[in-house]
Amino acid sequence: MSPELWLLVANPSAQSGQAAGRAGAAVAALAGNGISVEVLSTLADGGTVDAVERTLRAGSFAGVIAMGGDGTFHEVANGLLQSGTGLPLGLIPAGTGNNQARSVGLPLEDLRAAAACIAAGRTTRMDGARLTAWDTDGVPLKEVWAFDSI
């Protein structure tokens, strides 16, 4: 049986650049749990959202994994929702605060444990709020999703 292919979106700038070296370890930990990945690095200025959307629509993935902190999670989750694929979203904490990971009870320092959670299909519910910015004429300028665990 071939391993499942997931999209791993990694932020090499997380933890003041220390996360760059952890991406390879995450790939190995995921492979050890039967998950192969295609790696996509985050992009500056919010470009990650559209890159995730395009990549998910163009590929055949079992899920998507955000590896970074709260900002990376936010961008990957927004790209996933824009893609309309309905895929599961995994998280490997690699940020400074990792508030999202803390709120869902993920192990913060153990890549192998986070990979095992994803492989086991461990899930949780989250609140999502769609926020829209409008101009003075009532034209929507931008929509984003914000998240919190419940």
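The values are calculated or read from the model by the stated rules, or taken from the named source; none is laboratory data. Just so you know, these numbers come straight off a predicted model, no measurement behind them. Glycine also receives a Cβ, built like all others from the backbone with ideal geometry; neighbour counts cover every protein chain displayed. Heads up: the accessible areas ignore ligands, DNA and RNA and are worked out on the full protein's heavy atoms, side chains in. Shrake-Rupley method; radii C 1.70, N 1.55, O 1.52, S 1.80 Å.
Across the stretch 63-88, which residue is most open to solvent (accessible area, probe 1.4 Å) among those that are assigned to a loop (DSSP other than H, G, I, E, B) and in contact with a strand residue (DSSP E or B) (Cβ under 7 Å, 6 or more places away or on another chain)?
Pro88
Determine if the stretch 125-135 includes at least one residue that is in contact with a strand residue (DSSP E or B) (Cβ under 7 Å, 6 or more places away or on another chain) and surrounded by 17 or more Cβ atoms within 10 Å (Cβ to Cβ).
Checking the stretch 125-135: not a single residue is in contact with a strand residue (DSSP E or B) (Cβ under 7 Å, 6 or more places away or on another chain) and surrounded by 17 or more Cβ atoms within 10 Å (Cβ to Cβ).
Under 8 Å between Cβ atoms, which residue pairs at least 6 apart in sequence (or on different chains) link something in the stretch 103-120 that is farther than 17 Å from Gly24 by Cα and open to solvent by 40 Å² or more (accessible area, probe 1.4 Å) with a partner that is at pLDDT below 90 and among the β-branched types (Val, Ile, Thr)?
Partner pairs satisfying both residue conditions: Gly105/Thr124.
Please specify each residue of the stretch 92-128 satisfying the condition of being among the hydrophobic types (A, V, I, L, M, F, W, C), part of a strand (DSSP E or B) and at pLDDT below 90.
Once the filter is applied, which keeps residues that are among the hydrophobic types (A, V, I, L, M, F, W, C), part of a strand (DSSP E or B) and at pLDDT below 90, the stretch 92-128 yields only Met126.
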